[in-house]
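Everything on this sheet refers to the single structure shown next.
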Amino acid sequence: MRRIPWAILVIPLLVVVPTHGEASELSAGVSLGWLQAGTVPRLAVGPHAGISWPIQRDILFTVHDLCTILPPIQEDGLGIYNQTSVDIGYAWKDGNVSAGPSVAFYLMPACGVTLCGQVGGLAVGGHAQTNAYVAGPLGVSVSVNVDWVGRGSLVLPGYVSVVVVAGPVLRWSEK
């Protein structure tokens with residue numbers, strides 16, 4: 001009787017995770033850039049991680065997570081913007097590029113045309129990222145996220161949010 005619930009949880013994971021015999025790859029780094037939601041751009045810094053599986057020779061299935069922290073350097077205070085994406089990409093020996101849909105959870109200060117304040121919620125959008133490995137497993141990552149934020153908010157009644165960050169990345173491969 002107890003085996004049925006366990007199977008219900010594991011079988012969907014086996015369907016979602018590619019099981020091709022080639023190498024999976026884990027990458028992680030820290031990035032610096034900016035987030036624009038509303039009328040005021042904000043400094044964005046934070047860790048990012050991704051795991052990739054080849055689904056064909058140079059084609060990847062990738063899951064990325066970027067946790068963007070908006071430091072409280074302005075009077076509006078601290079903000080968090082965590083974005084997760086499921087991407088399809090292309091890989092070569094010294095790099096990769098990927099893009100796909102994303103979902104973001106956020107709680108951050110923002111300014112609209114007339115009001116400023118804290119906004120929070122769930123945003124859907126898109127993500128693109130490229131990693132270029134310049135010294136073995138060490139490389140540079142550039143990530144762009146575009147999401148629709150602020151639905152139901154008086155501060156941001158409906159704005160596009162853009163996050164652009166770049167920084168070092170380190171990769172680990174499993175053969």
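The values are calculated or read from the model by the stated rules, or taken from the named source; none is laboratory data. No experiment lies behind these values; they were computed from the predicted model shown. Glycine also receives a Cβ, built like all others from the backbone with ideal geometry; neighbour counts cover every protein chain displayed. Surface accessibility is based on the protein's heavy atoms, side chains included, excluding ligands, DNA and RNA. Shrake-Rupley method; radii C 1.70, N 1.55, O 1.52, S 1.80 Å.
Structural remarks
- Difference of contour (0.36 nm per residue) and Cα-Cα distance, Thr84 to Val124: 13.4 nm
- Near Asn96, once Lys and Arg are set to +1 and Asp and Glu to -1 for all other residues with Cβ below 12 Å from its Cβ, the sum equals -2.
- The residues packed around Leu66, meaning those with a beta-carbon under 14 Å from its beta-carbon, carry a net charge of -3 if Lys and Arg are +1 and Asp and Glu are -1.
- Listed residues Trp92, Trp53 arranged by accessible area, highest first, probe 1.4 Å: Trp92, Trp53
- Net lengthening on full extension, Val97/Val113 (0.36 nm per residue, minus Cα-Cα): 2.2 nm
- A crude spin-label estimate for the pair Val140 and Ile55, with each label 7 Å from Cα along the Cβ direction, gives 3.0 nm.
- Cβ-based charge dipole, region 65-175, positive-most Cα from Val134, Leu154, Pro71: Val134
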